[in-house]
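*Asks:* Handing you this structure, nothing more for now.
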Amino acid sequence: MSAPLAERIEEMEGPCNFREYLDWEGPERFEVVQGEAVLLAAPSPSHQEISFEICRQLGNFLEGKKCKAYAAPFDVRLFERERDSPEDVDTVIQPDITVICDRSKIDERGCKGAPDVAIEILSPSTQRHDRLVKFNLYQRSGLGELWFVDPANRSVEVFLRDGQGMLRPVEVYRPKDTAKVNSLEGCFIEMGKVFPEG
């Protein structure tokens, strides 16, 4: 964690909340997870290329439709309730890509509540945080579809919520596959363009 952000967090009284997050003026990007600030590293070029390609394909499919796709940085307040103030919100995350179909969840600060689809692009520095901490948050929030995109293994692992309300792995896609976005009828992502040769 950078010195300026670390010093600011130490000065905070009690847990970090959405108000402190909104008031932060430093260059660092971070998430707030149950009152704890978690620094986000700048994404690598390959991470950005993968994000751009998935967003491009989603954007083309969603043109003229009610659902919208957003690339990070885009704030998602998974557990915010109707009458919550920013001081009441202790969890603000930034999925790499977010798909939202319920327009009432979108406001000038991002998304209030669970999106329809969250896509996380893994890196060595974030993999544990994404697979454990954020997976648990998504599980609790009621998220319907979660993708873990693994650049190192050139694969996408898809999780869907089952009848018991649990996110379960349903498919792993490789570069030669066409990945189905289950929450968007008729939407498929060409993995060969996400993970091009060479």
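*Asks:* Here are some pairs, Lys112/Lys134; Lys112/Lys193; Lys65/Lys193; Lys65/Lys180; Lys66/Lys112; which of them have Cα atoms lying more than 20 Å apart in this structure?
*Replies:* From the list (Lys112/Lys134; Lys112/Lys193; Lys65/Lys193; Lys65/Lys180; Lys66/Lys112), the Cα-Cα distance tops 20 Å for Lys112/Lys193; Lys65/Lys193.
*Asks:* I'd like the distance between the alpha-carbon centres of segment 48-113 and segment 24-41, rounded to an integer number of Å.
*Replies:* What the calculation gives is 17 Å, centre to centre.
*Asks:* Same structure, new question: Counting just the Cα atoms, what span does the chain cover along each of its three principal axes? Round to the nearest Å and put the largest first.
*Replies:* 51, 37, 33
*Asks:* Using only the Cα atoms of segment 121-184, build the gyration tensor, take square roots of its eigenvalues as a ≥ b ≥ c, and label the shape rounded, prolate or oblate: rounded if a/c is under 1.5, else prolate if a/b is larger than b/c, else oblate.
*Replies:* oblate
*Asks:* Okay, moving on. Taking the simple approach of a point 7 Å from Cα along Cα-to-Cβ for both Arg131 and Glu49, what is their distance in nm?
*Replies:* Here the modelled spin labels are 2.4 nm apart.
*Asks:* Sorting Trp24, Trp147 by accessible area (1.4 Å probe), largest first, what list results?
*Replies:* I get Trp24, Trp147, largest accessible area first.
*Asks:* Further, regarding this structure: Can you show me the helix-derived [θ] at 222 nm for the chain, built from DSSP H runs with n ≥ 4 at -39,500 (n - 2.57) apiece and divided by the number of residues, rounded to the nearest 500.
*Replies:* Theoretical 222 nm ellipticity from helices: -6000 deg cm²/dmol.
*Asks:* Let me ask something additional. With every protein chain present, what is the per residue accessible area of the chain (1.4 Å probe, Å²)?
*Replies:* Computed with neighbouring chains in place, this is 53 Å² per residue.
*Asks:* Separate question: Could you order Arg77, Arg83, Arg56 by accessible surface area, starting with the largest, using a probe radius of 1.4 Å?
*Replies:* Putting Arg77, Arg83, Arg56 in descending order of accessible area: Arg83, Arg56, Arg77.
*Asks:* Compute, for the chain, the length of the dipole vector about the Cα centre, with Cβ point charges of +1 (Lys, Arg) and -1 (Asp, Glu) only. Units Debye, rounded to 20.
*Replies:* 860
The values are calculated or read from the model by the stated rules, or taken from the named source; none is laboratory data. Bear in mind that the values here come from a model prediction, so they are computed numbers and not experimental data. FYI the Cβ positions are ideal-geometry reconstructions off the backbone, even for glycines, and counts take in every protein chain you see. These accessible areas exclude ligands, DNA and RNA; they are computed on the full protein's heavy atoms, side chains included. Shrake-Rupley method; radii C 1.70, N 1.55, O 1.52, S 1.80 Å.
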